[in-house]
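J.: First, the structure itself, so that you have it in front of you.
The values are calculated or read from the model by the stated rules, or taken from the named source; none is laboratory data. What you are looking at is a predicted structure, and each value in this text was computed from that prediction instead of being measured. Ideal geometry is used to build each Cβ from the backbone, glycine not excepted, and the neighbour counts take in all protein chains shown.
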Amino acid sequence: MDLRSMIRTIPDHPKPGIMFRDITTLLGDARAFRTTVDRLVQPYAGLRIDKVVGIEARGFILGGAVAHQLSVGFAPVRKKGKLPWRTIAQDYALEYGTDAMEMHADALKAGEQVLIVDDLIATGGTAMAAVKLIEKLGARVAGASFVVDLPELGGADKLRALSVHVDAICAFAGH
Ligand code: AMP
């Protein structure tokens, strides 16, 4: 099944020059959604995964389904100020300035093997923040799975340089 063709591209959203890769068209199709989750899970069949970490917000939809399929728990990485319990934080770079991502301080146990899930990797800033949060809690990143890679922005290579195993179902040129 050609999942790449199920992703809608919206030029100049949210600002000029950005090609927004909208996965809601893929999620809305039963067979495409199921196939997507199957492909995200496939590389980890037979490997030890203790928890899935999904990145706000589309990473929650995909990560929840992946966790269900792997029969493991799910932990959210959210933007600063959204989680209700005690948190740990990690700053990450935006185009202008910085922001922070947070996890609950008790979301992972030391030594757990974690799979990161998000819809798309661009510069890798958000995924790198997730890696740091997971490691701060003493857990290990077993891999990071995305639906879309934008290889020209270098995020996947940055994660690989940290020895993280990265998979993406499809790739698009440009931003
Ligand atoms: P980055 O931290 O640069 O790797 O950006 C990844 C995050 O931003 C993901 O959670 C995506 O949902 C979102 N994102 C970045 N660029 C795009 C794009 N071209 N289309 C859709 N989402 C994007």
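J.: Filter the stretch 79-98 down to the residues that are out of contact with any helix residue (DSSP H, G or I) (no Cβ under 9 Å at 6 or more places or on another chain), at pLDDT 95 or above and not hydroxyl-bearing (S, T, Y) and list them by number.
T.: Once the filter is applied, which keeps residues that are out of contact with any helix residue (DSSP H, G or I) (no Cβ under 9 Å at 6 or more places or on another chain), at pLDDT 95 or above and not hydroxyl-bearing (S, T, Y), the stretch 79-98 yields K79, K80, G81, K82, L83, P84, W85, R86.
Results for (1) among the charged types (D, E, K, R); (2) within 12 Å of the ligand (Cβ to nearest atom); (3) in contact (Cβ under 8 Å) with a residue 12 or more places away in the chain, shown as yes or no for each residue.
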| position | (1), (2), (3) |
| --- | --- |
| R8 | yes, yes, yes |
| I23 | no, yes, yes |
| Y44 | no, no, yes |
| K51 | yes, no, yes |
| G54 | no, yes, yes |
| K82 | yes, no, yes |
| E112 | yes, no, yes |
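J.: Of G138, G97, which residue is within 16 Å of the ligand (Cβ to nearest atom), surrounded by fewer than 18 Cβ atoms within 10 Å (Cβ to Cβ) and more than 30 Å from L3 (Cβ to Cβ)?
T.: From the options G138, G97, the qualifying one is G97.
J.: If I ask for residues that are touching a residue at least 60 places away in the same chain (Cβ under 8 Å) and either basic (K, R) or touching a Ser or Thr at 6+ places or on another chain (Cβ under 9 Å) (or both), which ones from the stretch 30-40 would you list?
T.: Result: R39, L40.
J.: Out of I134, I88, I need the residue that is closer than 22 Å to I61 by Cβ and β-branched (V, I, T). Which one?
T.: I134
Every residue, every condition in (1) part of a loop (DSSP other than H, G, I, E, B); (2) under 25 Å from R8 (Cβ atoms), yes or no:
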| position | (1), (2) |
| --- | --- |
| G59 | no, yes |
| V66 | no, yes |
| Q90 | no, no |
| Y96 | yes, no |
| M101 | no, no |
| D118 | no, yes |
| A129 | no, no |
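J.: Among the residues of the stretch 17-54, how many are assigned to a loop (DSSP other than H, G, I, E, B) and either at pLDDT 95 or above or touching a His at 6+ places or on another chain (Cβ under 8 Å) (or both)?
T.: 9
J.: Looking at the stretch 141-153 only, could you name the residues that are surrounded by 23 or more Cβ atoms within 10 Å (Cβ to Cβ) and within 9 Å of the ligand (Cβ to nearest atom)?
T.: F146 - this is the single residue of the stretch 141-153 that is surrounded by 23 or more Cβ atoms within 10 Å (Cβ to Cβ) and within 9 Å of the ligand (Cβ to nearest atom).
J.: Regarding the stretch 43-53, can at least one residue be identified that is surrounded by fewer than 17 Cβ atoms within 10 Å (Cβ to Cβ) and closer than 24 Å to T123 by Cα?
T.: Yes: the stretch 43-53 contains one or more residues that are surrounded by fewer than 17 Cβ atoms within 10 Å (Cβ to Cβ) and closer than 24 Å to T123 by Cα.
J.: Of (1) part of a strand (DSSP E or B); (2) within 11 Å of the ligand (Cβ to nearest atom), H13 satisfies all except one. Which?
T.: (1)
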